[in-house]
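Take a look at the structure below.
The values are calculated or read from the model by the stated rules, or taken from the named source; none is laboratory data. None of these values were measured; they are calculated from a predicted model. Cβ placement follows ideal geometry from the backbone for every residue including glycine, while neighbour counts extend to all protein chains displayed.
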Amino acid sequence: MSTDQYRVVFDGSLVPGMSLDSVKSNLAILFNCDVSKVERLFGHGLVDIKRGLSAPDADRYLQALQRAGALAHKEPEAPKGFSLSIAEDIPAQTSVAEDQMDCPKCLHTQGTAPVCRSCGIVIEKYLARQTQQNQTSGQSNSPLQPYAPPQAIVGEPAAEQSELRVFTTEGRIGRLRYLAWSMAWMLAALGLVIVISTVFAASAVFGSILAAAAVVGLLLVSVQIGVQRLHDLGWSGWFMLLYLVPVVGNVLPLVIMLLPGNEGANRFGPPQPPNSRAVKILAALWLLFPVVGFMSALVLPTYR
C-alpha cells in the first residue's frame with residue numbers, strides 16, 4: 001500500500017448538540033443501509049469507515065460524516081477492525097473543496113465553520129432539530145433526509161364544524177338557525193309574559209322585579225344570537241350597536257336575515273353543523289305571521 005493512501009476511522013464520537021439516535025438515522029441514509037448495520041459503528045472502539053482513499057477523498061468523507069453528526073478522522077492506511085463501506089460514493093452534491101462546505105438550509109457555499117455566514121444558523125443544531133421534527137411527525141416509514149428543509153406541524157388542524165352554544169357571543173350560526181333561535185326566543189318571551197302577568201296580579205312588587213329580570217335576560221340572549229349571526233357573515237359583533245342608529249337599525253335585521261354566511265372557516269371559526277329538523281320547523285313558523293296577519297285583515301272588518 002502506498003504511503004498516500006488513507007483510511008477514515010470512527011470511534012463513536014458525536015458532533016456537540018447531536019443526539020445518538022439522530023446520528024444513527026443520518027448515517028443510515030448516508031451509508032444507504034439499515035440502522036441495524038450502523039449500530040456496529042458504536043461501542044467497538046475504532047472502526048474503519050473507508051479504506052484506500054487519497055487525502056482529498058478522505059477529507060471529503062470526513063466532511064460528509066461531520067454533517068451527519070459523526071466526528072471521524074483519517075489515518076494512514078493500516079487495515080484494522082471491521083469495515084463498513086458506503087454503498088456508493090458520496091453524491092456529487094456533497095463533494096466540495098477541502099476547505100469549503102454547503103449550508104444544509106440555504107445551500108450557501110463557504111469555508112468550513114459551525115455557523116452559516118448567509119442565514120446564520122448553527123449547523124449542528126439545525127440538523128438535530130430537523131431530525132427530531134421528522135421523528136415527531138411520524139414519518140418513520142419514509143427515508144430521512146438530513147439536508148432537506150425541516151418539516152413541522154404548525155398549530156392544530158382546524159375543526160370542520162363549530163360547536164353550537166346559544167348563551168355565548170362566540171361561534172357562528174346561519175340564517176335558518178338564526179330564525180329558529182329567534183322563534184324560540186319569542187315563544188319563551190310569550191311564556192314569560194303569561195307568568196309575569198299572573199305574578200303581577202298577585203303582587204305588583206314581585207311582578208315588577210320578575211318583569212325587569214325577564215327583560216334583561218331576553219335582551220342578553222337576543223344580543224348573543226345576533227352576534228353569532230354577525231360572526232357568520234364575517235362581521236364583528238360590535239355591529240349590533242347599529243340597532244341604536246335611526247333608519248340603519250330598521251334595515252340591519254333584514255340584512256342579517258337575508259345575507260348568506262361565509263363558506264368555510266373565517267376568523268370567528270368553522271361553519272355551523274347542518275340544520276336539524278327542529279331548526280327547520282321553528283324557522284318555518286315565521287311563515288305563520290304573514291298568514292295570520294292577512295287572515296286577521298280579512299276577518300276583523302267582517303266581524304265588526
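Listed by position, the helices (runs of 4 or more DSSP H) inside region 232-304 whose residues that are under 23 Å from MET186 (Cβ atoms) and modelled with pLDDT of 85 or more number at least 2 are 248-258, 277-284. Of VAL251, VAL216, VAL221, all but one fail to be closer than 24 Å to GLN161 by Cα and aliphatic (A, V, I, L, M); the exception is VAL221. On inspection, VAL216 does not qualify as out of contact with any Gly (no Cβ under 8 Å at 6 or more places or on another chain), farther than 17 Å from ALA180 by Cβ and surrounded by 13 or more Cβ atoms within 10 Å (Cβ to Cβ). None of SER13, SER36 is outside any loop (DSSP other than H, G, I, E, B), under 25 Å from PRO114 (Cα atoms) and either free of Cβ contacts under 8 Å to residues at least 60 places away in the same chain or in the same structural domain as LYS74 (by TED's automatic domain parsing) (or both) except SER13.
Selection of region 16-33 for residues being β-branched (Val, Ile, Thr) and either surrounded by fewer than 19 Cβ atoms within 10 Å (Cβ to Cβ) or not assigned by TED's automatic domain parsing to the domain that holds VAL122 (or both) yields only ILE29. At pLDDT 65 or above, under 24 Å from PHE31 (Cα atoms) and charged (D, E, K, R): does that describe ARG129? Considered against the rule, which asks whether it is at pLDDT 65 or above, under 24 Å from PHE31 (Cα atoms) and charged (D, E, K, R), ARG129 comes out as yes. Go through region 46-60 and give me each residue that's of a type in the set (Ser, Thr, Tyr) and touching a Ser or Thr at 6+ places or on another chain (Cβ under 8 Å). None - no residue of region 46-60 is of a type in the set (Ser, Thr, Tyr) and touching a Ser or Thr at 6+ places or on another chain (Cβ under 8 Å), so the list stays empty.
Yes or no, residue by residue, for (1) more than 25 Å from SER54 (Cα to Cα); (2) in contact with a Ser or Thr (Cβ under 8 Å, 6 or more places away or on another chain); (3) surrounded by fewer than 20 Cβ atoms within 10 Å (Cβ to Cβ); (4) of a type in the set (Gly, Ala, Ser):
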| site | (1), (2), (3), (4) |
| --- | --- |
| GLN5 | no, yes, yes, no |
| VAL8 | no, no, no, no |
| GLY12 | no, no, yes, yes |
| VAL35 | yes, yes, yes, no |
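Exactly one residue among VAL247, VAL292 is loosely packed, with under 12 Cβ neighbours inside 10 Å, on the phi > 0 side of the Ramachandran plot and either among the β-branched types (Val, Ile, Thr) or in contact (Cβ under 8 Å) with a residue 60 or more places away in the chain (or both), and that residue is VAL247.
Where residues in region 161-207 are assigned to a loop (DSSP other than H, G, I, E, B) and among the hydroxyl-bearing types (Ser, Thr, Tyr), which of them is nearest to the chain's Cα centre (by Cα)? Only one residue fits best here, namely SER162. Can you find even one residue in region 13-23 that is more than 20 Å from VAL122 (Cα to Cα) and aliphatic (A, V, I, L, M)? Looking for residues that are more than 20 Å from VAL122 (Cα to Cα) and aliphatic (A, V, I, L, M), one finds none in region 13-23, hence no. Among the residues of region 224-240, those identified as of a type in the set (A, V, I, L, M, F, W, C) and either loosely packed, with under 12 Cβ neighbours inside 10 Å or under 15 Å from ARG177 (Cα atoms) (or both) are ILE225, VAL227, LEU230, LEU233, TRP238.
Considering only residues that are modelled with pLDDT of 80 or more and part of a loop (DSSP other than H, G, I, E, B), look in region 43-92 and name the one that is surrounded by the fewest Cβ atoms within 10 Å (Cβ to Cβ). In this case the residue turns out to be SER54.
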